[in-house]
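Notes follow the structure.
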Amino acid sequence: MLYEIANNFPHAILKAKEPPFISIYEPTVRYRPENKQNLIRYKNLIKDIEDSLKEKYPKKEITSIMEPLYALANDEMFWVNMYDGLAVLAAEGQCVVYKLQRPVKELAIAADSFHIKPLIRIFQSADRYHVLGLNRKEFMLYEGNMYGFEEVQFEPGTPRTIEEALGIEDEEALIAPRPRASTAGSTIFYGYDDKSEMIKEDTEKFFRFIDKLVYEKYSRQAQLPLLVVALPEYYSLFKEISRNPFLIDETVKVDYTALTKEDLKKKVWDAIEPLYRKKIKKLVERFGEAKAKDLGSDDIAKVAKAAFQFNIDTIFIEEDRVVLGKVDPLSGEIKEGNSAGPLVDDVLDDLGEMIFRNKGNIVVLPKEEMPSDTGVAAIFKYKM
């Protein structure tokens, strides 16, 4: 296949070195009949890319560059189920496609680097979280952000039910009579009179299994807040036995299987949003303090120079703002640009990509939440 559907960001395609780097963003519609416009809009966007490339590349080369984008347009099954947005990155014969849970601003650009600011916004850690839905029989893990979440795909063979985790054939075996040693050394059979005690004991074993699995396989690597969705009695027991340091006090006390995905998404974000707002507020306050000490700036040229010198601790970038031009990778200086020609770029996106590659902290915010009016603000590691 000429293209790959991706769920994680960053992707290896970002390591491509030879331009042109094609970035396409499209707001899409989930439901009929309006969703028929998704493909029409996409074809218009790739036509814009093609027209732009004609100014620099010969026809034969353009055909090769555009091949995976045409293949996506011709894949009827791909367009059957869409979410709220689409992102396509293509370079060096590779093509990566993201189906997004949130709308994006329409954009089609061929440049000497990818435009990844919208993807950073969607996949940034500031508002990401894990959701663990559990009851005494089974569990589910999701990963999401303010725009929604998706089910985490467990490794093949991972136990998902109490029967699988405890190694029994069916749930009735959980409450069958069991032999236990008495203090005198003889064997005593506990029967159905002790059913509630046995259920609690097995539920606790199951929850310990879940806690260990989620921490070791997911929380430890991602370091995301973990919110539990469960009935009060199960949440209390899980919280009591959990050793996961990323488990938060906020919870949704309801059986997760009783909710639709949309209802669950709303209840989870209602619980998570105050934490996100608090985190952003602290970061913005930190920028103000850093700027007062000459350890921060909202001057684009100064921020670009700091990024070039690996001197960015945290950078804030305005979500929908575009500053035409690019950051010279050899000097850190800003080269002004215009909207003409195939190689158009955005200074703010270049800055985001530089910090992203250097594993810095990037926060992409809407205009009303930005701590500056220049489209960028940065906290430095040391004074310039």
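The values are calculated or read from the model by the stated rules, or taken from the named source; none is laboratory data. A quick note: this is a predicted structure, and the numbers were derived from the prediction, not measured. Quick reminder, even Gly has a Cβ in these numbers, built from the backbone with ideal geometry, and neighbours come from all protein chains shown. Calculation scope for accessible area: heavy atoms of the full protein, side chains included, ligands and nucleic acids excluded. Shrake-Rupley method; radii C 1.70, N 1.55, O 1.52, S 1.80 Å.
Would you mind working out the accessible area per residue for the stretch 75-115, using a 1.4 Å probe, and quoting it in Å²? It amounts to 39 Å² per residue over the stretch 75-115. I'd like the FRET efficiency for residue 373 and residue 16, computed as 1/(1 + (r/R0)^6) with the beta carbon distance as r and R0 of 35 Å, rounded to 0.05. Calculated transfer efficiency: 0.55.
Only Lys, Arg, Asp and Glu count, each charged at its Cβ (+1, +1, -1, -1), so figure out the dipole size of the chain about its Cα centre, rounded to 20 debye.
So the dipole magnitude of the chain works out to roughly 740 debye.
Run the dipole for the stretch 1-83 about the Cα centre, Lys and Arg Cβ at +1, Asp and Glu Cβ at -1, nothing else charged, and hand back the magnitude in debye, nearest 20. Walk me through the numbers before you get to the answer.
Working: 12 positive and 12 negative charges, 18 e Å.
Rounded to the nearest 20 debye, it is 80 debye.
Each Lys and Arg Cβ is given +1 and each Asp and Glu Cβ -1; about its Cα centre, the stretch 222-358 then shows a dipole of about 480 debye. In the chain, the portion of solvent-accessible area held by carbon and sulfur atoms comes to 51 percent [1.4 Å probe, whole percent, DNA, RNA and ligands not counted].
Taking the Cα atoms of the stretch 198-254, the ratio Rg/Rh between the radius of gyration and the Kirkwood radius comes to 0.96. For the stretch 70-158, the mean projected area of the C-alpha convex hull, equal to one quarter of the hull surface, is 8.6 nm².
With both partners inside the chain, how many of the DSSP beta bridges are antiparallel, as a percent to the nearest 5? Numbers along the way, then the final one.
Values: 44 of 58 bridges.
Roughly 75 percent of the DSSP beta bridges within the chain come out antiparallel.
Computed from Cα positions, the angle between helix 37-53 and the longest principal axis of the chain comes to roughly 40 degrees. Report, in listed order, any pair from 47/326; 137/261; 200/282; 15/239 with a Cα-Cα distance greater than 30 Å. In this structure, 200/282; 15/239 exceed 30 Å between Cα atoms.
Comparing 55, 197, 318, which has the greatest mean-square fluctuation in the GNM of the chain with Cα pairs linked when under 10 Å apart? Highest fluctuation of the listed residues: 197. Using only the alpha-carbon atoms, how far is helix 59-74 inclined from the longest principal axis of the chain? Give it as 0 to 90 degrees, nearest 10. Taking the Cα atoms of the chain, the angle to 59-74 is about 30 degrees. Between 259, 287, 365, the Cα set farthest toward the positive side of the dipole of the chain (charges on each charged residue's Cβ, about the Cα centre) is that of 287.
The alpha-carbon atoms of the chain define a convex hull whose volume equals 179 cubic angstrom per residue. Across the stretch 240-252, rounded Karplus estimates of 3J(HN,Hα) from the backbone phi angles (6.51 cos²θ - 1.76 cosθ + 1.60, θ = phi - 60°) give 5, 8, 5, 10, 7, x, 8, 5, 9, 6, 5, 8, 10 Hz, Gly and Pro being marked x.
Put 299, 349 in order of accessible area, largest first, 1.4 Å probe: what do you get? Could you put the intermediate results ahead of the total?
Numbers: 299 80, 349 0 Å².
Of 299, 349, the descending order of accessible area is 299, 349.
With the helix formula -39500 (n - 2.57) applied to DSSP H stretches of n ≥ 4, the chain reaches a computed 222 nm mean residue ellipticity of -10500 deg cm²/dmol. Rounded to the nearest 10 degrees, the angle from helix 261-292 to the longest Cα principal axis of the chain is 60 degrees.
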